[in-house]
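Student: Sharing a structure here in C-alpha cells format.
Read the figures in this text as sums done on the coordinates, not as results from a lab. Note that the coordinates shown come from a computational prediction; the quantities given were computed from them, not determined experimentally. Neighbour counts run over all protein chains shown; Cβ positions are idealised from the backbone, glycine included.
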Ligand SMILES: [Zn+2]
C-alpha cells in the first residue's frame, strides 16, 4: 500500500465525507506500542481503519464488542490481527517477568499460547510466543459466538494475521483463519 499512496485520505474533503458516516474497509487489532502506528505504516487516512489497540492485542469482551461493532454495524469485511517484533508484553509473558501487578495480568492473559510457542522450533522464544499469541487472538475472534463466528461462516468477514518487523518495516502475512464451521 505504501508504494502507491502518499498521505491517502487526509484532505479536508475526506474529513467532511467521513464526518457524515464511517465505512472502514478493515478492522485492525494490534498492540498499543508507539512504534506500531497503523495509519503511518499502511499510508491510510481518515475513516479507513477501525483500530482496536491493547498491549499485545490481548483481547477480551470489550475488544470483541468493538470488533463486532465494526464488522456487524459498519460492515468492515476484513479483520487484521497485527503482532510485532520487540513487544514488551510478549517478552514479559515469555520470560515470566512483569514490572507491575496490572502488567502481570496482561502477561498472564498471554499465557495460553506460551506452551505452543515452546514446542515450536526456529526463531527465538519471544517471536514464537508472538506468533502463537497471534494465532490465539485469531481463534478468539473466529470462535466468538454468536456474531463474529456467524459472520465468518457466512463469509461476510475474513481474519488475517500479520507480523510487523520494527527495523525493516516489513509485514509478513499469515494464513487466514478458517471459519469455525471448517474446523476439525
Ligand atoms: Zn507490543
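Student: State, to one decimal in nm, how far the label point of residue 168 lies from the label point of residue 53, with both points 7 Å from Cα in the Cβ direction.
Tutor: 2.4
Student: Pick out which of 140, 158, 95 has the largest mean-square fluctuation in a Gaussian network model of the chain, springs linking Cα atoms closer than 10 Å.
Tutor: Of the options given, 95 has the highest mean-square fluctuation.
Student: Over the chain, what is the percentage of antiparallel beta bridges among all DSSP beta bridges, to the nearest 5?
Tutor: Numbers: 3 of 19 bridges.
Among the beta bridges of the chain, antiparallel pairing accounts for roughly 15 percent.
Student: To test your reading of the geometry: what angle, between 0 and 90 degrees and rounded to tens, separates the Cα axis of helix 125-142 from the longest principal axis of the chain?
Tutor: Long axis of 125-142 versus the principal axis of the chain: about 50 degrees.
Student: Determine, from the Cβ-Cβ distance of residue 116 and residue 147 and an R0 of 22 Å, the FRET efficiency 1/(1 + (r/R0)^6), rounded to the nearest 0.05. Don't skip to the end; give the middle numbers.
Tutor: Values: r = 26 Å, r/R0 = 1.20.
For R0 = 22 Å, the calculated efficiency reads 0.25.
Student: Hey, another quick one. What does the C-alpha gyration tensor say about the overall shape of the range 1-51? Classify as rounded when a/c is under 1.5, otherwise prolate if a/b is larger than b/c, or oblate.
Tutor: Numbers: a/c = 2.10, a/b = 1.36, b/c = 1.54.
Oblate, since a/c reaches 1.5 and b/c is not below a/b.
Student: Same structure again: For the range 22-116, just say rounded, prolate or oblate: build the C-alpha gyration tensor, square-root its eigenvalues into a ≥ b ≥ c, call rounded for a/c under 1.5, and beyond that prolate if a/b exceeds b/c, oblate if not.
Tutor: Details: a/c = 2.59, a/b = 1.79, b/c = 1.45.
Prolate, since a/c reaches 1.5 and a/b exceeds b/c.
Student: Output the relative contact order of the range 49-143, whole-number percent, from Cα pairs under 8 angstrom with separation of 6+ residues. It would help to have the intermediate numbers written out before the result.
Tutor: Working: 81 pairs, mean separation 27.1, N = 95.
This gives 29 percent for the range 49-143.
Student: If you don't mind, there's one more thing I want to ask. Return a whole-number percent for the relative contact order of the range 12-176, with Cα pairs under 8 Å and 6 or more residues apart as the contact set.
Tutor: Relative contact order, the range 12-176: 23 percent.
Student: Would any residue of the range 49-69 have its amide N under 19 Å from a label point 7 Å out along Cα→Cβ of residue 160? List them or say none.
Tutor: Only 49-52 pass the distance filter.
Student: Still on this structure: Kindly identify the range 12-176 as rounded, prolate or oblate by the Cα gyration tensor criterion: order the square roots of the eigenvalues as a ≥ b ≥ c, call it rounded if a/c is under 1.5, otherwise compare a/b with b/c, prolate if a/b is larger, else oblate.
Tutor: It comes out prolate by the Cα gyration axes.
Student: Another question, if that's okay. Report, in whole Å, the centroid distance computed from the Cα atoms of the range 17-78 and the range 98-119.
Tutor: The range 17-78 and the range 98-119 have Cα centres spaced 24 Å from each other.
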